[in-house]
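Working notes, structure below.
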Amino acid sequence: MSFDPEPLARQIPDTPAGRQLAWWATLQARDGEGVSDADWERYSPAFLQRVSGQLTAERLAEIFRNDGARMGAIVEFRVESASDLEIVAFARTAKDRKLTITLTVEPVPPHRIEQFRFERKHDFKLEVREAGPDDALTVADIERRCPIVMGDTSVWFDRGADYFAFSRLLEDCTVGLASVDGVPAAISCGAERVVRVGGELKRIIVVSHLRVLPEHQRKGLWGAANGVLNKYWDHVDGSQAYIAVDNLGMQHGFANTPDKWDQIVQRVELDCAALGGPMTGSSATPADGADIARRLNRFHDAEELFVPYTAESFAARVERAPDLYGWDKVWLTDGAIVGVWPAGAALRSVTETGGVQTVTVPAVVMDYAFAPGAEAELDALLRAWCGALTARGVDTLVIYTSPASPGSALVNSLGRSTGDFFTWTPGIAVPEGAAERGLYTDAAYF
C-alpha cells in the first residue's frame, strides 16, 4: 500500500469530482485490489475510447498496478483546488516525482470521469514547443548526442541540416522540442496515419525519434516532449512505437505498455557495393498509378498494418515530396516493383563497437512487391538500385520485412545485417493470428 487511503479520503471534498478522486486514490493505494467490472462505468464513453484491451476488472487492476510501478509509491498527497466538477491534487512519489493530478467529471449524474491528467512538476524552467526546419541543427545535435545503446554497440544519427527531410514524406508530422532552463534537451516526433488491424482501419500516432540528452534524463522530459502530440489524442484510436530488440534501456521504459506484438519487424541492410548490378526495368509515370496500386495490394494484402492503395493514394505518396521520393524513383519490371528514397545525409548514421566507428549513408526501400514466380525480378531490381546508389555515394539500402511477410526469405538472404524490432500499439489490441499474417512496415514512418 502506497499510503493510507482512509485519512486521504476524509480530506477530499464530498463533491462529484471529489468522490471520483477518492475512489481512485483508495484503489491506487491498494494497487487495484478490489476493483470490479462495474468500476468501468465510472468513466465516460469518450474516456474509454482511449483504453486498450477488454473492460474487465483484471484490466483495470492491471492499470492501477502499472501506474504504481511507473510513478512509485505515493508518499505525499494534498488537494490544491476543488469545485463540483473538477478537482486538482498534488502528489509526491517515492521516486521523488512531483505530480499535479487533475480530474474532471461530466456535469450530469452519474458524473462520470471525463478527463484524468497527470502532469509532472519540475524544479527547473521547462519549455516545450513544436520544432520546425529552422531548428534542424539544434534537434540534429540532440539526436547525435543521444546514442541508442544495444549491448556493446552504440548507434546514433548525424543528419545535420537535413534532419526534417523525413517529415516531408509524411502526411501529418509534428516534432516536439523540450528545453531545460532555456537549453534544448529533448526531442520527440509523432506522425498521424491510418493502419489496418484485424481487417479494421484504425487511426494512430506513430511516436519515434525520442531523444533525451544524458544529463537531463529521469527528469520527465520524455513525456514533456511528447506533449506537443496532445492535439492528436482526441481523434486517434491508439499509438505505435518501434524499439530494437537489443535496446534494453528503452524496453525497460515500455515494460508496462500494453498491446505488444509477438511478431518482430526486421530492418535489413543491403551492401550496395557488394550487390550492385546492371540497370533493369524502367521508371514509373503517373499513368502507372493504378497498376502499381494493384501490385502492392496483391503482395501485401494479408499483412497486418497494411492499408490497400488506390491510384490516387499512391500518387499522393510519391507527389508529396517528389525530390525525395517521386515517380522517377519507382522502378518497374513486368513482375516486380521497387521504389527507393535515396536518403543519403538525411539518414546518415554512426555505429560504434569496441571504440571503432563506422559511418553509414543509406537509402530506404519505400515500396516493393513481386508477382508469383517473379522473385528473381525483385532481386534484379534491388541489385540495380544498389548499383545506381553506389555511384551516388550511398553505401547501404535498407528494406523492411517480417518473418511471415511475403519475400522475407529473399530479403534476408541479400542482407549484410538485420536488426530486429519490437512494436507496440497501445490502445489497439493485437488481433488473433497476427503472427501468421506478417507485419507490414511503412518505411516512411519507421
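The values are calculated or read from the model by the stated rules, or taken from the named source; none is laboratory data. Quantities reported herein were computed from a predicted structural model and do not represent experimental measurements. Neighbour counts are summed over all protein chains in view; Cβ atoms, including those assigned to glycine, are modelled from backbone coordinates with ideal geometry. Ligands, DNA and RNA are excluded from the accessible area calculation, which covers all protein heavy atoms including side chains. Shrake-Rupley method; radii C 1.70, N 1.55, O 1.52, S 1.80 Å.
For the chain, relative contact order (Cα pairs under 8 Å, six or more residues apart, normalised by length) works out to 16 percent. Within the accessible area of the chain, the carbon and sulfur atoms contribute 50%, probe 1.4 Å, all protein chains present. Computed over region 1-125, the Cα gyration tensor eigenvalues convert (square root of 5λ each) into semi-axes of 21, 18, 14 Å, ordered from largest to smallest.
Over all distinct Cα-Cα pairs of region 364-442, the Kirkwood formula returns a hydrodynamic radius of 14.4 Å.
Taking amide H atoms as placed 1.01 Å from N in the peptide plane, the amide H of Gly176 lies under 5 Å from those of Ala131, Ser188, Cys189, Gly190, each 5 or more residues away in sequence or on another chain. Close amide-amide hydrogen proximity is noted between Ala73 and Ala94, Lys95, each under 5 Å apart and 5 or more residues distant or on a separate chain (H modeled in the peptide plane; Pro and chain starts excluded).
Rolling a 1.4 Å probe across all protein chains gives Phe422 an accessible area of roughly 40 Å². The phi-based Karplus calculation (6.51 cos²θ - 1.76 cosθ + 1.60; θ = phi - 60°) puts the 3J(HN,Hα) values of region 323-338 at 6, 9, 8, x, 4, 5, 9, 10, 9, 10, 10, 4, x, 8, 8, 9 Hz, whole numbers, x for Gly and Pro. Taking the square roots of 5 times each eigenvalue of the Cα gyration tensor of region 85-206, largest first, gives ellipsoid semi-axes of 33, 24, 16 Å. Summed over all non-identical Cα pairs, the Kirkwood treatment of the chain gives a radius of 23.9 Å. If you take the Cα centroid of region 18-82 and the Cα centroid of region 292-364, the two points sit 43 Å apart.
When the surface is traced with a 1.4 Å probe over the full set of protein chains, Met279 keeps roughly 110 Å² accessible. The order of Trp327, Trp385 by accessible area, most exposed first and with a 1.4 Å probe, is Trp327, Trp385.
Annotation: amide H of Val245 within the under-5 Å range of Asp420, Phe421, Phe422, sequence separation 5 or more or interchain, hydrogens built in the peptide plane.
Tally Lys and Arg at +1 and Asp and Glu at -1 over the other residues with C-beta under 12 Å from the C-beta of Thr93: what net charge comes out? Local net charge: +4. Using the Cβ of Asp37 as centre and a radius below 13 Å, the other residues enclosed give a net charge of -1, where K and R count +1 and D and E count -1.
Taking a spot 7 Å from the Cα of Asp134 along the direction of its beta carbon, which residues of region 152-172 have an amide N less than 15 Å from it? None, by backbone N distance to the label point.
Pairs of lysine residues in the chain that meet both criteria, 8 or more places apart or on different chains and Cα atoms under 17 Å apart, total 8.
Using every pair of distinct Cα positions in region 276-414, the Kirkwood expression returns a hydrodynamic radius of 15.7 angstrom.
If Lys and Arg each add +1 and Asp and Glu each add -1, what is the summed charge of the other residues whose beta carbon sits under 12 Å from the beta carbon of Ser405? That works out to -3. Arg120 contributes an accessible area of around 70 Å² to the protein surface, as traced by a 1.4 Å probe with all chains present. Taken one residue at a time, the phi angles of region 181-198 give Karplus couplings (6.51, -1.76, 1.60, θ = phi - 60°) of 6, x, 9, x, 9, 7, 9, 8, 10, x, 9, 7, 7, 10, 10, 10, 10, x Hz. Gly and Pro are set to x.
In the calculated pair-distance distribution of region 172-295, the portion above 21 angstrom amounts to 59 percent of the Cα-Cα pairs.
For the chain, Cys146, Cys173, Cys189 stand unpaired, since no other cysteine beta carbon lies under 4.7 Å from theirs. A simple rule links phi to the HN-Hα coupling: the Karplus curve 6.51 cos²θ - 1.76 cosθ + 1.60 with θ = phi - 60°, which for region 85-101 gives 9, 8, 9, 10, 10, 10, 9, 10, 10, 5, 7, 6, 9, 9, 10, 9, 10 Hz, with x for Gly and Pro.
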